[in-house]
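The values are calculated or read from the model by the stated rules, or taken from the named source; none is laboratory data. Worth saying up front: this structure is predicted, and the values here are computed from it rather than measured. FYI the Cβ positions are ideal-geometry reconstructions off the backbone, even for glycines, and counts take in every protein chain you see.
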């Protein structure tokens, strides 16, 4: 089964319905991925074994994919960020070349297949716009039809994980119906 079909079929499976302890564990781990089970147990008035079991279940259910840090790439000199959307209708060979380029180009931070006006969507970083244009866009254009690029000027919202967890907490009864 293709990756896209697997993603679409995953949308039709029953979602995991977290309880209050799951949501607190997730919120605290999102806030600080280095927090210990001992600290979580103290914060939740639970024991370490319970927290460890919850964490393992969240991993097994695919909710926790990994523990990581958030890097500010601009502080490392990657100050040009662009969102790029494109489509390709030039056949399977061109599609393979495009996917190969995207998968092997380290400045393409994220890439998606999508439904809508763009068949593919990417987030691309580089040290400056000229370099992004000459080394990334110029390589992508022959592989695509209608490469659309929007340059990020500033972020107006950081991910609101706490807000999203609160939304899940409030709506979880509707999720199970």
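Based on what the data block shows, is residue 136 modelled with pLDDT of 90 or more and either assigned to a loop (DSSP other than H, G, I, E, B) or within 30 Å of residue 63 (Cβ to Cβ) (or both)? No.
Give me a count of the residues in region 76-91 that are surrounded by fewer than 10 Cβ atoms within 10 Å (Cβ to Cβ) and modelled with pLDDT of 95 or more.
The number of residues fulfilling the criteria is 0.
Scanning region 92-111 for residues that are assigned to a helix (DSSP H, G or I) and within 17 Å of the chain's Cα centre (by Cα), we see that the one that is surrounded by the fewest Cβ atoms within 10 Å (Cβ to Cβ) is 103. Residues that are in contact with a helix residue (DSSP H, G or I) (Cβ under 6 Å, 6 or more places away or on another chain) and at pLDDT 95 or above within region 108-128 comprise 108, 111, 124, 125, 126, listed in sequence order.
Pairs are defined by a Cβ separation below 7 Å, a sequence spacing of at least 6 or placement on different chains, a first member in region 157-170 that is in a helix (DSSP H, G or I), and a second member that is surrounded by 10 or more Cβ atoms within 10 Å (Cβ to Cβ); the pairs so defined are 161/30; 162/27; 165/23; 165/26; 165/27; 168/18; 168/23; 169/23.
The residue of region 112-142 that is surrounded by the most Cβ atoms within 10 Å (Cβ to Cβ), among those that are out of contact with any strand residue (DSSP E or B) (no Cβ under 8 Å at 6 or more places or on another chain) and more than 11 Å from residue 80 (Cβ to Cβ), is 139.
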